[in-house]
Structures are given as C-alpha cells and as structure tokens.
C-alpha cells in the first residue's frame, strides 16, 4: 500500500520535517531553527511556544507547500524528557524545560531503576520528568496542562495533546503499569487530567482537522531514528549525532550495566545498551564557536600527535556518570597548535565517549551506524572512526528521527504490518574507516582521556 | 642627552633620554630564521641595518635633541652570539638564545664539567640545549672550520659596540649569564673548552669602553668621539630601569613572564630553578622565568581568530575567578616554580555558559598565580632573603590595567609602573649617565607613573580562587606524563 507520510522531529536547535514515499525516498524537507536558551550552566530551555508549538506547525506547512500528493499520516518525535505548563488554549506559560536542566534534578526523588522484562519500561530511567513536574506545579499551579514538547506539537497540529507509550516509558514513576501514577502525581500537587493523553505506540489518535491525515501520539526521536538506522546486528553501535549524542549498542541478551540504560530494540530478539551523552553537537558547536570555526576544515590535520584532549562535559554528563556537576576541560595544549587540531580534539572526544560506553558494556562493537546532523561532518566522523577504532557508516538520510517518525505514521495508517520492515529504509551514506596512521596517537590520548576524567 | 641602543631578539630599539625621561624611541624589526626545527638564527649584518634605521627614525622624531647626544649606552640579548674574525668580519649566522639544537651535547658537556648540578652551582645558570657551552660543542663537532677561523665570540651588543668604537669589550652581566663563568667571574675551562681565547675582555657595566669612530658616527648621524658605555645585558638593565630592589622585584610581561631582582649576596635558590648572574652595579641578579604570558594571549588570539586587545576587553567583563574557569599557562612546559617540561597548558571548569572572555581572564589569572607561587619561594622564605614588599611591572603587559589589578590582588602586593615600559633602555641610560659622571637616578630617567594597591575586597575574593587553582595545578602536574 502506498502513500506519502510526514515525520516531524523537534530537535534541540531546530524542527526538521520530511515527507517520504513508500521506499523512504525523501520527497520534501524543511527545517525551522529555534534558539536554545542556557541562562546558566545548569539550565537548558526552549521558548516552548516557538520551538514546540509554532516550529512544528511551520515545518509541517512548509512540507505541505512542497508536495501535491495527499499526506496519509504524520508523527511528531522529539527528545525526552521535556515539560512546560500550558493555559486552556494550549499556550505555554512557562519556559520549556529540557533534559539535564537542574530544575528537574533538584526536585527529583532518587528514582529507582525499574525493569520489567518484556514491557517497555526502561532500565536505569531518567529522573528529570518527575522533577520537571514538581517545578511546573510550583511555578504555575493553575496550569490547564503540564505537557511535554510532543504533546504541545501534536496539539498545535491536531488540537489533541497526545503522547505515545514510548514517551511515558521515559517518565520514570510518573507512568507505571500502563497508566498515570495518580498517587504520585497527586502527591506532587498535580492532577492526572493535567497530563497529556497517552496513546499506544504506532496507533492513530485521529485525523488532522479538515483532512484524512492520521496522526499518532508524539514519540521519542532516538527510537524513531533507531528503527530506520539498520543497526540490528549484535555489535552495531547506533550513534545519533544530534545536539545530544545518543549511543545504543545492539546485543542479543538483556544485560544490566551500571550507569547504562538497557532498552528493548524494536527489532525482534535484540536489546540496546547505552544512553544519551552530552558529547554531541551542543558541545562540538560550543567548541567551534570558541574557535570561530565553520567546521569546514580538512578531514584530518597533518600531525596525529599534536591533538589536545577535551573532556566534553559542558553540561555535566548523562550516561554513564549521570552527574550534572561535571564540567568540560581542555588539556595538553602546546604553543604549536592551531584551531584545527583543537576542533579535531573535540570530535575525538565524542568518539572516546562512544568507546568508553562500549568498554563499560563489555560488548564488542563491529561498526558505528551514525545518524543525526553531525553525521554529515566528514571531519567529525573520521575522528570518531579513529577514536573508536571502528568503521563509521553514516545513514543516507541524516534526519533519522523524522524519517522514523514518518514510518510510525505509515504503521498508524495501516500501510505497514511490522516495525521490522523499517530496516528496508536503512541506507548507508558514507563509510569512514579508522586511519591506521592515527591509531597509536589516538590510543595514547584515549588512555589520558580516561585518566583525566570525568572529575576534573 | 643619552642615546640607548638595545640589541634585542625581535627588534633593535633606539631611545633618546634626558633627565626628565624618554624623549623618543624607535624600533626596527629583526628577522629570525629557523633552518631546522629547534634552530633560531639571525644574520648579524641585519643588526647594523636595524640600528641605522632606528637611529634615523629617532633623529627624525627629535632632531634637536638628537644633536645633543652626549653619551651612548648599550644593552642587548644575552646568550645569543656571533663568531667573528679579528678584523670584525662575521662567520655565518648568529646563534640565538632560543636555539636549542644542542640537545645531545648537554650530557657530554655536563660530564666534562662534573655533572649538571655542579655546573648549575658553579655558574648559577642551568645547562641545557640552549646553553652556549652546548652550542660551542655542537659547532666544534659540526662546523669545526667555522670555529677555527674565529677570533671572537660576541653577543650582538658586543659586536655592535666593537663596530662603533673599534674596541672589543663585554661586561660581567652579559658574560656570566652565558653560563660560561663561575661565581668569581672567571671562565670555566671545562665549559668553554678551546674557545677560551674567543671571549671578550670584561669591563664594568657603567664604564666608557671607547668613542664613536668617524664612519659609524656619520652613518648614525652622531658626533664622532661621542663616548660609548658598554652597559649591561637586557635583563640586568631592565632591573635597573624598572627600579627593582632586593625586596621589590621586577615582574616583566613579555613572550613569557619573568621575575628578576637584584641581590646583595649570591643567594642559594637552586631548588627554585632561579638563575643567578652578576648584577650591573653590584651584587647579583636573580631571575626566574614563568611559563608564558604574551605567548598565551597570542595563542588564544590565534586559535580563536580574534585579537589580543579584544580578548582583554572581553576578559574585563568576566568576574574574578572567570566564573569557575581555571587555566594553567604551560604551553611550552611548566617553568618556575614547577620545572616540569612535560606539563602542558589547559583549561578546566568549562560549561556552555562560558565564552572567550572567561578563557582570556582565566589565562591572565593563571599567569598571575604562577608568579605568586614564584614570589613565595623567591621572596626569602627559602634562603632568608628579604620578604617582597612591592612589585615593579614592565613589559607590554604593564600597560594592561586588568593585568595590574589581577596580579596585585593575587599576590596581595602593590604594583608600580613607570613612565616608560622600556625598562631595558632606561637601565642602559642610567648606566651611560654614570659612565660620564651625570649620575642620573632611575626616578629621574623613568619616573613612577602609577601604583596599583590591591583592595581588601579583591584580595578576599581571590583567596578562595587561588586555593582552588593551586589544587587544580597540582592535580594536573600529577597527571602529566
């Protein structure tokens, strides 16, 4: 069965939308940038109305303007966790809090890692969501709703604030055993009716007003990215180079690794171990900004030995340390260095983060499947290949979150019978092999990277 | 009226001084050639060319005063040398102090002279790849014909004074800082080797060694017969020109930072890494090189594609402690007081809320912290020398109010600057004035312009910052390998 579907992905720095055909060919794309606000080191927020409401609506409108075919379905995906408080019209009256904002962490009660085999619960879940809700209740007690960014976006398109069960699985104790945890929510001072409607993953909520376009509950970007990445073999390492770096190591058996999260893969008989790290584009772009770099330098600098070492924890680190107080640092600086090698060092740092997650998991990596905007940077990807010692295969469509969301919409519309079929959309873009001339120098730096961090 | 000639490494500077201070100054840049990694050479003939150009500029700036020059005083870089024949012809390029080609000669020279520590104790100067003794051995082995054709081994200043006056001369400050002389001022034969006879005779720094000959006088536009005082090495002159005393060291901000002070006796500062040589008027000169200063800012300028002046302006907007960013300034290894060649520079405590201004402020603070650590060990606690009571700032950084404020708050000491930052030239002028009986004091030649007194509030705010920075420095030193 055929038809055009649209995926919308609210990222940290922009909303991206694509329209695709049955085979995952991109027919139209749009990108609406928004500001990320970091008034202090321990804060990370969006203007929720700009980034979560208007951005998705504009991105979707831009897609509609580019194609004549009817749109069969749409899914919004985004990062987790997030939260804002809205009034009765669905207009945000609070800033949009994002992952890692300390206003969540401060108020979070130490979350108990919870894992139920076969359920969609996440082992080693993130405590921020509950803290965010406590913050929202304090800041805006009269809110009509406390919504995640997916809910605000879906509401802006359809009039219904809906999220799917993947998003609720990331909300810790707030949503347990298939429903909102009324006892906990009320103890915080909120009501269940203030939270978004929860729809089973991949199911349609209804149609957009005045059209036959079905829409789903908003979902998780990394999950959407994963289903179309083609990272399904044990040892595949899915690395999503967005503002956040998300790393998932594919394996067969459920394992528990301290500091890492274990989640079910959408592909049968596979689980994924890993989690989000702050060594993504937020860090790399900050370093580039400092160096006033456009990121267009040569793939590799000349001298493998002259690269400094970055600890990339500008905003603390999530997996595996879960410590928001960590800070970034830069080491081994000498008089001969220019900006190109310092930028290279920043790229290597994200590769070292992946390598350390692999080491910690005890699993063996065979290749890195790279998606996200950062995967388009050849200097970044070659540094990741060198730093991890693994070949890096980039995906042909870097908007992996939006692409996977478009597949979710096909499932909801009934065009597809199984999520496993999404792997047929997986296409390799570029392949970056580790450069043997760099291996000795990189090896030494990795040892120093481990020795220096994380607490410096 | 006094004319000073400063034969530096990056430029030759000519200054015109009278008893109320500097009248005019001009500089002419010099080119350094790096034929191989680690080598640093100059064409000795470029020193004369630069002198003629700078003199012409000073004459153009102040023609009447220039006509009244009564005495010429000289100063210049130490440890740099040219080889010359008896007729004054130079043989090959001059080898600069920063040239470190002679790394593999250090060990055999040390062995010949009884070991590194003995050399250090005997001469007051460490033996390393940049030492004159090691370079002499390198020349003996690699360019023996050049050495055997030479009659003189002269510093840039001494070669130029010879050309001006026809007299071969040097002074004790220049000679002893070469590392070839012992504490009594005699050359150490095991270090100099066969080149003993190439060394110039020693004269007091405030003595006229000759008079301007007709031809060079005409080239420079000066009166023939004008007396020429030999002067002292650049650091010894800076110490004089900045008004430094045993309890008020000079802190200079150049490519690297440097702490220097006169000492009445030969102090035992071996453990601190301080270098000892003869002072210009009497006693000794104690100096300690701190890792980087201007070079750190220039590096930051280069990597961020901005300018030092805008970095300094941005740094002023960052509060004391750079909002938690701590730097260590060891771009070329950690020098005084750490002496860890393998350590490197770094920044810690970075968050996404930080920007270039915070890094620039942290860089400036890190240099001040290294100076404070040096002053602690040099200021008498180690060997009973006098405690430091004030600092005399010179060099390019002394014009930067942020540097003055940070340094005085971190060290908890007042910081004095003088009318001219050209302390070496001021010192040379003072020595020249003595050589002809004018006997001008440094307060006349280079009066005090400002004194930065640390406020209690900034001292307090820096106490915790210093403590944290020291802890981080120590941690990073322990991690270096």
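Any idea what % of Cα-Cα pairs in the stretch B:400-481 are farther than 17 Å?
Values: 2083 of 3321 pairs.
Of the Cα pairs, 63 percent sit more than 17 Å apart.
The stretch B:267-291 to the stretch B:31-75: how many Å between their Cα centroids?
28
What does the convex hull of the alpha-carbon atoms of chain B project to on average, in nm²? Intermediate values should be presented prior to the final figure.
On the way: hull surface 86.4 nm².
Orientation-averaged projected area of the Cα hull: 21.6 nm².
FRET efficiency for residue A:21 and residue A:376, Cβ-Cβ distance as r, R0 = 25 Å, nearest 0.05?
Values: r = 22 Å, r/R0 = 0.89.
So the FRET efficiency works out to roughly 0.65.
Please report the projected area of the stretch B:227-289's Cα convex hull averaged over all directions, in nm². Write down the numbers at each step before the final one.
Values: hull surface 18.7 nm².
That works out to 4.7 nm², a quarter of the Cα hull's surface.
Using helices alone, what [θ] at 222 nm do you get for the protein assembly as shown, with -39,500 (n - 2.57) per DSSP H run of 4 or more residues, divided over all residues and rounded to the nearest 500? Present the calculation step by step, with values, prior to reporting the outcome.
On the way: 30 runs with 313 residues, N = 937.
Calculated mean residue ellipticity at 222 nm is -10000 deg cm²/dmol.
Determine the equivalent ellipsoid of the stretch A:243-291 by diagonalising the alpha-carbon gyration tensor, then write out the semi-axes as square roots of 5 times the eigenvalues, largest first, rounded to whole Å. Walk me through the intermediate numbers first.
Values: eigenvalues 176, 23, 7 Å².
Largest first, the stretch A:243-291 gives 30, 11, 6 Å.
What percent of all Cα-Cα pairs in the stretch A:305-456 falls in each 5 Å bin, counting up from 0?
Cα pair-distance distribution for the stretch A:305-456, in percent: 2, 9, 16, 17, 18, 15, 9, 7, 4, 2, 1, 0, 0.
Would you mind listing how long the stretch B:94-243 runs along its three principal axes, going by Cα atoms, in whole Å with the largest first?
Taking the Cα atoms of the stretch B:94-243, the three principal extents are 50, 41, 24 Å.
Once Rh is set to the Kirkwood radius over Cα pairs, what Stokes-Einstein translational diffusion coefficient, in µm²/s, holds for the stretch A:296-393 at a temperature of 4 °C and a viscosity of 1.567 mPa s? Working shown, then result.
Details: Rh = 14.2 Å.
D = 91 µm²/s.
Using R₀ = 22 Å, calculate the FRET efficiency as 1/(1 + (r/R₀)^6) where r is the Cβ-Cβ separation of residue A:187 and residue A:325; round to 0.05. Walk me through the intermediate numbers first.
Working: r = 27 Å, r/R0 = 1.25.
Rounded to the nearest 0.05, the efficiency is 0.20.
Considering the Cα trace of the stretch A:141-263, what is its radius of gyration and what is Dmax, both in angstroms?
Rg then Dmax for the stretch A:141-263, in Å: 16.8, 50.
If each of residue B:307 and residue B:184 carries a label point 7 Å out from its Cα toward its Cβ, how far apart are those two points in nm?
5.7
Which percent of Cα-Cα pairs in the stretch B:330-481 sits in each 10 Å bin, short to long?
For the stretch B:330-481, the pair-distance distribution reads 10, 30, 34, 18, 6, 1, 0.
Quick one: if you take sqrt(5λ) for each eigenvalue of the C-alpha gyration tensor of the stretch B:253-334, what semi-axes come out, biggest first, whole angstrom?
Values: eigenvalues 220, 36, 30 Å².
Here the semi-axes work out to 33, 13, 12 Å.
Remind me, what semi-axes does the stretch B:239-382 give for its equivalent ellipsoid, largest first in whole Å, using sqrt of 5 times each Cα gyration tensor eigenvalue?
Values: eigenvalues 194, 46, 32 Å².
Semi-axes from the Cα gyration tensor: 31, 15, 13 Å.
Å³ per residue of the Cα convex hull, for the stretch B:136-220? Spell out each step's value before the answer.
Values: hull volume 9.0 nm³, N = 85.
Convex hull of Cα atoms, per residue: 106 Å³.
Compute the long axis of helix A:339-361 from its Cα atoms, compare it with the longest principal axis of the Cα atoms of chain A, and write down the angle in degrees, 0 to 90, nearest 10.
70
For a Förster distance of 41 Å, can you work out the FRET efficiency between the beta-carbons of residue B:194 and residue B:298, rounded to the nearest 0.05?
Working: r = 41 Å, r/R0 = 0.99.
That gives a FRET efficiency of 0.50.
Over all directions, what mean area does the Cα convex hull of the stretch B:218-260 project, stated in square nanometres? Kindly include the intermediate steps, with their values, before the conclusion.
Details: hull surface 19.0 nm².
Mean orientational projected area (the stretch B:218-260, Cα hull): 4.7 nm².
Where q = 0.06, 0.08, 0.09 Å⁻¹, what log10 of I(q)/I(0) comes from the Debye formula for chain A, counting one point per Cα?
Taken in order of the listed q values, log10 I(q)/I(0) reads -0.23, -0.42, -0.54.
State the Cα centre-to-centre distance between the stretch A:1-62 and the stretch A:353-386 in whole Å.
25
Between residue A:37 and residue A:89, how many nm apart are label points set 7 Å from Cα along the C-beta direction?
1.9
May I ask for the angle, rounded to the nearest 10°, between helix A:281-290 and the longest principal axis of chain A, with both axes built from Cα atoms and the value confined to 0 to 90°?
Approximately 50 degrees, to the nearest ten.
Enumerate the whole-percent occupancy of each 20 Å bin, from 0 to the last occupied one, for all C-alpha pair distances of the protein assembly as shown.
14, 36, 25, 18, 8, 0
If you average 1/r across every pair of different Cα atoms in the stretch A:220-342 and take the reciprocal, what Kirkwood value do you get, in Å? Mind showing how you got there, number by number?
Values: mean 1/r = 0.0614 Å⁻¹.
After inverting the pairwise mean of 1/r, the radius is 16.3 Å.
Would you please state the base-10 log of I(q)/I(0) at q = 0.14, 0.26, 0.35 1/Å for the stretch A:265-304, with intensities from the Debye formula using one equal scatterer on every alpha carbon?
-0.58, -0.94, -1.08
How big is the stretch B:39-141 in terms of Cα radius of gyration and Dmax, in angstroms?
18.5, 57
Values in this text are rule-based calculations from the coordinates and carry no lab data. Not measured: the values here are computed from a predicted model. Cβ sites come from the backbone with ideal geometry, for glycine too, and all protein chains shown count toward neighbours.
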